[in-house]
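One structure below.
The values are calculated or read from the model by the stated rules, or taken from the named source; none is laboratory data. What you see is a predicted model, and the numbers here were worked out from it, not measured in a lab. Because the Cβ atoms are built from the backbone with ideal geometry, glycine has one as well, and the counts that use them run over all protein chains shown.
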Amino acid sequence: MNEIDVLTAFIEEGYQISPEAVDLICTHCSPKELVAYILENIDLSVLVIDVEHIDLEGFSGLLPVEEESFSSSLELNPQNETLNINNNYASSYQPSSSSSNAVSNVCYSDNPVSIISDITDNSTCVGEYMEFVQFFRNRYSRISDIIRGRINARPIESLKTGKRSNLRSSKEAGEVSVIGMISEIKSTSNGHKILEVEDPTGSFSVLIRMADKELYEQASHLVLDEVVGFTGKLTNDGKLMIVQKLILPDLPNTTIKRSGTVGKAVLTSDIHIGSSTFLEEPWERFLDFLNGDTDNEALAAIAKEVRYLLVAGDLVDGVGIYPGQEHELSILDVYDQYKKAAEYFSRVPSHIHIIISPGNHDAVRQAEPQPKLPEIIRADFSDNVTFVGNPSIVDLDGVKVLLYHGRSIDDLVASVPGVSYGDPTKAMVEMMKFRHLSPIYGSRVSIAPEKKDYFVIGNVPDILHCGHVHTVGVEWYKNVLLINSGTWQDQTEFQKRVNVIPTPAQVPVVDLATLKTTILKFDE
């Protein structure tokens, strides 16, 4: 529903409406239903409908929370292991324990892929001011709807001095809840944290005391532009909330049950074809494995069951990505890099369905969300390759995989205590808690202000697959399998300078029936 549709709906009923109210409606996740709700409940004395006349709290209570929608009876109880191609089972690996409709369906052989969410061909932004407003309001609307299922929050405007008469009693006046997007994080001279939070009605300051150690530790993981619920007491002057509880959107604490399927999916990323540090020999052994060309019986048995190969970005090393890159390339032309990649992937057995999404080294726009690779590049690849954008959600015959290259891990490493490149799944856990893949705006990740925030994690996936940081990680978080799939590039000069140690030529293989994960090692 666009701006003209909204204006027309209200004009036909005899109302005028402010541009701010139109914008708020258009960026809501259910604009058509919201218009109907406003018209049904609006005070007849109102002549011009403004933001203050739109009761998002009351409307959200009528909508289902945007959560998981899985069925059937298979409970996840994964066991994980590591397998080296040169040995038998080498060691045991035990990790610690959108709401969009499908836009297209691809069925190759018996391995179908449904593309549920993808920015490709849907980008509308040109960088205008109102697009940034719409982007953040869409984020706030969708994530706050999740939180409202857990607390009874009120608009921030109602907390302002002079408007506290809306609170029905002194007890209620002392304990209130709001949902806000964090716009500023400061520390006092005593070490307390003060957060400035915003909703569509205004902004307010909340304080988290250092003495409340558990709450303070939780608050130390908060980042800018994250949407969070706060419950606490107002100070006597009504200008500050003393926080007693934080409510994150987070994943639900329920056991997810889903329909099972058969076969295996191979997850990889950051191949960097064209780089002088691309590990060609281990990659050749990997291709041999996919073709069943191995004397290792365990590997051969796994290879027979592989149905899907997913690549989460950085298929090639690219050109001009960083200063001096030309000195570290074995293939200097980016189109030649992709031709070599197409040649490699043509050797993957035709029954294996390949899904490729881009990363920051690929030949698409740097701003995320990124569309799929252009046709001039896609034309060189085989028919069993499906290209998607970054991020995207795909359904692999009943298993939902959220593909994201993972560049926001750079921001989370810099902002969240305990998150590191050596343990990438810690950053992915934070994404799950935020219900957002890249919450921090204006830092290392360049983000295009689309009308819809494609980074919001609405419906919960079975698997979150990331790359970017060149280290393998596997972890379970509230029944979602988190995998960072490593790299096929040896340590670069930049990684040496910042002391990042990659774990190359290691490949997670997921059993689609149980989500049990095996790490295959193709290094020497």
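Hey, can you tell me all the residues within the stretch 10-51 that are surrounded by 14 or more Cβ atoms within 10 Å (Cβ to Cβ), at pLDDT 80 or above and either polar (S, T, N, Q) or on the phi > 0 side of the Ramachandran plot (or both)? The one that is surrounded by 14 or more Cβ atoms within 10 Å (Cβ to Cβ), at pLDDT 80 or above and either polar (S, T, N, Q) or on the phi > 0 side of the Ramachandran plot (or both): Ser18. For Arg435, state whether it is farther than 21 Å from Glu184 by Cα and under 13 Å from the mean Cα position of the chain (by Cα). When the stated conditions are applied, Arg435 does not pass them. Can you find a residue that is modelled with pLDDT of 70 or more, surrounded by 13 or more Cβ atoms within 10 Å (Cβ to Cβ), out of contact with any helix residue (DSSP H, G or I) (no Cβ under 7 Å at 6 or more places or on another chain) and among the small types (Gly, Ala, Ser) anywhere in the stretch 104-114? Yes, some residue in the stretch 104-114 is modelled with pLDDT of 70 or more, surrounded by 13 or more Cβ atoms within 10 Å (Cβ to Cβ), out of contact with any helix residue (DSSP H, G or I) (no Cβ under 7 Å at 6 or more places or on another chain) and among the small types (Gly, Ala, Ser). Any idea which residue in the stretch 190-202 is nearest to Val419 (Cα to Cα), counting only those that are surrounded by fewer than 16 Cβ atoms within 10 Å (Cβ to Cβ) and at pLDDT below 95? The qualifying residue nearest to Val419 (Cα to Cα) is Gly191.
To keep it simple, each residue is scored yes or no on (1) assigned by TED's automatic domain parsing to the domain that holds Ile271; (2) under 28 Å from Val399 (Cβ atoms); (3) touching a Phe, Trp or Tyr at 6+ places or on another chain (Cβ under 7 Å); (4) crowded, with 22+ Cβ neighbours inside 10 Å.
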residue: His465; (1), (2), (3), (4): yes, yes, no, yes
residue: Trp476; (1), (2), (3), (4): yes, yes, no, no
residue: Thr487; (1), (2), (3), (4): yes, yes, no, yes
residue: Arg497; (1), (2), (3), (4): yes, no, no, no
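Residue-wise test of (1) over 11 Å from Leu279 (Cβ atoms); (2) part of a strand (DSSP E or B).
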| site | (1), (2) |
| --- | --- |
| Leu481 | yes, yes |
| Asn484 | yes, yes |
| Phe494 | yes, no |
| Asn499 | yes, no |
| Pro502 | no, no |
| Pro508 | yes, yes |
| Ala513 | yes, no |
| Leu520 | yes, yes |
| Asp523 | no, no |
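Apart from one condition, Lys339 fits all of (1) on the phi < 0 side of the Ramachandran plot; (2) touching a His at 6+ places or on another chain (Cβ under 8 Å); (3) of a type in the set (D, E, K, R); the exception is (2). Within the stretch 329-343, can you find the residues that are closer than 15 Å to Pro374 by Cα and of a type in the set (A, V, I, L, M, F, W, C)? Those that are closer than 15 Å to Pro374 by Cα and of a type in the set (A, V, I, L, M, F, W, C): Val334, Ala341, Ala342.
Every residue, every condition in (1) among the charged types (D, E, K, R); (2) surrounded by fewer than 22 Cβ atoms within 10 Å (Cβ to Cβ), yes or no:
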position	(1), (2)
Asp411	yes, yes
Ala414	no, yes
Pro424	no, no
Phe434	no, no
Pro449	no, yes
His470	no, no
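In the stretch 198-279, counting only strands (runs of 3 or more DSSP E) that sit wholly within it, the ones holding 3 or more residues that are out of contact with any Asp or Glu (no Cβ under 9 Å at 6 or more places or on another chain) span 227-234, 241-247, 264-268. Residues of the stretch 318-330 that are modelled with pLDDT under 95 and either out of contact with any Gly (no Cβ under 9 Å at 6 or more places or on another chain) or part of a loop (DSSP other than H, G, I, E, B) (or both): Gly318, Val319, Gly320, Ile321, Tyr322, Pro323, Gly324, His327, Glu328. The condition of being crowded, with 18+ Cβ neighbours inside 10 Å, polar (S, T, N, Q) and either in contact with a helix residue (DSSP H, G or I) (Cβ under 6 Å, 6 or more places away or on another chain) or over 30 Å from Glu175 (Cβ atoms) (or both) holds for Ser275.
Against the definition (under 14 Å from Leu310 (Cβ atoms) and buried (at least 21 other Cβ atoms within 10 Å of the Cβ)), how does Val348 come out, yes or no? No; evaluated as a whole, the condition is false for this residue.
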